[in-house]
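Notes for the one structure printed next.
The values are calculated or read from the model by the stated rules, or taken from the named source; none is laboratory data. As the structure is a computational prediction, the values presented were derived from the model and not from experiment. Here Cβ is always computed from backbone atoms with ideal geometry, including for glycine, and neighbour counts include all displayed protein chains.
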Ligand SMILES: Nc1ncnc2c1ncn2[C@@H]1O[C@H](COP(=O)(O)OP(=O)(O)O)[C@@H](O)[C@H]1O
Ligand SMILES: [Mg+2]
């Protein structure tokens, strides 16, 4: 993206907002996700360096940062794909993310969407959602087994939510890139997650699709906790509550869009020099 490297003059690290002092157990109870002092080293390279992140239940958090800042590695730690060399990571107060395996983490209510949509292209939109609903129940049933009334209602609501009700009988393979992204968000929602991690959900979407995605994510806030990693700053601005800026594996700044916009390193690296 051309803004990876900060010159030494811009390298004025803002101290991340300190977590309020609370006993550990209480801090875990008060957050759906808590990362403390997470360090990940790849062949001597610090991909994450003493990273702290605290997310409240129902919060929508945007995470931005130049390429290589550690955003994807942070998600890999949260989902149990990468084990850090140091630090602590808790989901609620009962799931130690550094010990639980990926499946257990997912079953505990944490779902992740990777950048590339991965839906079953040869199934219809509705069938993709049905499969996700059935997978959650872990029941061996064919695709054509009937859904319960409750499940059918949920499927209908999810189709509306992700803007695909009118396309429910269309093959997923025939959807636009943006519609596939929405379908995948719908598939995640069918897992009834508490915490959703979304990696660049608007990459490659049209302006109209981006606007619709903003509405969708805002409508999930409160019912779900969300971490949205995204490069598109106008999109981030449209959904931003608290924003965390990563750089070189650490938190460079954290706060509202207005607050982070005033940080010189953030202005230079991310906001194209736009003054706050
Ligand atoms: N498996 C890996 N082995 C070695 N280095 C890696 C690996 N994964 C990521 N990195 C490096 O760690 C840094 C952080 O990467 P990443 O988390 O993908 O950043 P972001 O998602 O913010 O662009 C980058 O410098 C990247 O090259
Ligand atoms: Mg990444």
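Some observations on this one:
- Checking residue 263 against (1) modelled with pLDDT under 90; (2) touching a helix residue (DSSP H, G or I) at 6+ places or on another chain (Cβ under 9 Å), the condition it does not meet: (2)
- Filtered by the rule that a residue be farther than 24 Å from residue 208 by Cα and within 16 Å of ligand 1 (Cβ to nearest atom), region 219-248 gives 244, 245, 246, 247, 248.
- Count of residues meeting criterion [in contact with a helix residue (DSSP H, G or I) (Cβ under 8 Å, 6 or more places away or on another chain) and more than 10 Å from ligand 1 (Cβ to nearest atom)] in region 33-63: 9
- Candidate set from region 64-96 (those that are under 22 Å from residue 29 (Cα atoms) and free of Cβ contacts under 8 Å to residues at least 24 places away in the same chain); member that is farthest from ligand 1 (Cβ to nearest atom): 94
- Test: residue in region 238-250 that is farther than 27 Å from residue 87 by Cα and either at pLDDT below 95 or not in a helix (DSSP H, G or I) (or both): yes
- From the list 243, 228, 236, the one residue that fits, being under 15 Å from residue 56 (Cα atoms) and within 16 Å of ligand 2 (Cβ to nearest atom), is 228.
- Of the set (1) surrounded by 20 or more Cβ atoms within 10 Å (Cβ to Cβ); (2) within 16 Å of ligand 2 (Cβ to nearest atom); (3) more than 22 Å from residue 192 (Cβ to Cβ), all apply to residue 113 but (3).
- From 221, 209, 254, residue being in the same structural domain as residue 77 (by TED's automatic domain parsing), surrounded by fewer than 16 Cβ atoms within 10 Å (Cβ to Cβ) and in contact with a helix residue (DSSP H, G or I) (Cβ under 9 Å, 6 or more places away or on another chain): 221
- Hey, residue 198 more than 14 Å from the chain's Cα centre (by Cα) and assigned to a strand (DSSP E or B) or not: no
- Per-region count, region 23-66, residues away from ligand 2 (no atom under 16 Å from the Cβ), touching a strand residue (DSSP E or B) at 6+ places or on another chain (Cβ under 7 Å) and assigned to a loop (DSSP other than H, G, I, E, B): 5
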